[in-house]
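J.: One structure follows; several queries about it will come next.
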Amino acid sequence: MFSEEYRCKNNHLKTVNWDVITDLKKESQERIDNLGNNSDKIHFFFAIMETEAWLLGIKDIVLSINSQLTNEFIKNSPLGYDLDKDDPQQTYYHPAKVIGEIFGLAGKEYDKKESTLSSLIAPVEKEKYEALRSSAHCSVFSKFIEVLLN
């Protein structure tokens, strides 16, 4: 969603705008529907704003970076993010930047490289994904998982 089309429709404001997102999703679905044969087998998901939003929605995922990065620590830091309360998909315009800032609290850098993502994802157990799926956070993640499982 961090695309030029999104930015234009959102008047270049760096905010999460659900009206624009809904409009873009509708346009994409119409394009898929117009494909004809087997269009019902094509699913398009907006990782709003990025898949990093999904990562931030996984409870305590940042503890794998540094055990001091509890939600309380992050919330009481100058960043002030409340990962337990905030829905990253709706709250953070640039979730990769948020992860980078959290890494910074531990004196580390987030570079979106495979090794960095693996260090975040590898320790996550199935139950954490299930908890995100059943939570009120990151609704696109839940829809994505439902399609994968069916």
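The values are calculated or read from the model by the stated rules, or taken from the named source; none is laboratory data. Note that the structure is predicted; figures quoted are calculated from it, not measured. In this analysis, Cβ positions are derived from the backbone assuming ideal geometry, glycine residues included, and neighbour counts consider all displayed protein chains.
J.: Mind listing just one residue for me: the one in region 107-132 that is of a type in the set (A, V, I, L, M, F, W, C) and in a loop (DSSP other than H, G, I, E, B) and, of those, nearest to residue 55 (Cα to Cα)? Spell out the reasoning first.
T.: In the first step, residues of region 107-132 are kept if they are of a type in the set (A, V, I, L, M, F, W, C); the result is 117, 120-122, 124, 131-132.
Then keep just the ones that are in a loop (DSSP other than H, G, I, E, B); that gives 122, 124.
Details: 122: 12, 124: 10 Å.
Only one residue tops the list, namely 124.
J.: Quick one: how many residues across region 64-90 are at pLDDT 90 or above, part of a helix (DSSP H, G or I) and surrounded by 14 or more Cβ atoms within 10 Å (Cβ to Cβ)?
T.: Restricting attention to region 64-90, the residues satisfying the condition of being at pLDDT 90 or above are 66-88.
Add one more test, that the residue is part of a helix (DSSP H, G or I), and what stays is 71-76, 88.
If we keep only those that are surrounded by 14 or more Cβ atoms within 10 Å (Cβ to Cβ) as well, we get 71, 73-75, 88.
The qualifying residues number 5.
J.: For region 99-115, does any single residue satisfy the condition of being surrounded by fewer than 13 Cβ atoms within 10 Å (Cβ to Cβ) and polar (S, T, N, Q)? Let's see the steps before the verdict.
T.: Taking region 99-115 as the starting set, the residues that turn out to be surrounded by fewer than 13 Cβ atoms within 10 Å (Cβ to Cβ) are 107, 109, 111-115.
When the remaining residues are screened for being polar (S, T, N, Q), the result is 115.
Within region 99-115, one or more residues are surrounded by fewer than 13 Cβ atoms within 10 Å (Cβ to Cβ) and polar (S, T, N, Q).
J.: Inside region 7-63, can you point out the residues that are β-branched (Val, Ile, Thr) and in a helix (DSSP H, G or I)? Show your work before the answer.
T.: Quick first cut of region 7-63, residues β-branched (Val, Ile, Thr) only: 15-16, 20-22, 32, 42, 48, 51, 58, 61-62.
Matches in region 7-63: 20, 21, 22, 32, 51, 61, 62.
Here's the yes/no breakdown for (1) modelled with pLDDT of 85 or more; (2) closer than 21 Å to residue 54 by Cα:
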site: 2; (1), (2): no, yes
site: 8; (1), (2): yes, no
site: 23; (1), (2): yes, no
site: 27; (1), (2): yes, no
site: 32; (1), (2): yes, no
site: 39; (1), (2): no, no
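J.: Residue pairs, Cβ under 6 Å, 6 or more apart or interchain, first in region 93-122 and under 21 Å from residue 72 (Cα atoms), second of a type in the set (S, T, N, Q) and part of a loop (DSSP other than H, G, I, E, B). List them.
T.: Filtered contacts from region 93-122: 105/77; 106/66.
J.: Oh, and also: Restricting the search to region 56-73, which residues are farther than 10 Å from residue 124 by Cβ and β-branched (Val, Ile, Thr)? Can you show your working first?
T.: Taking region 56-73 first, the residues farther than 10 Å from residue 124 by Cβ are 56-57, 62-63, 65-73.
Correct list: 62, 65, 70.
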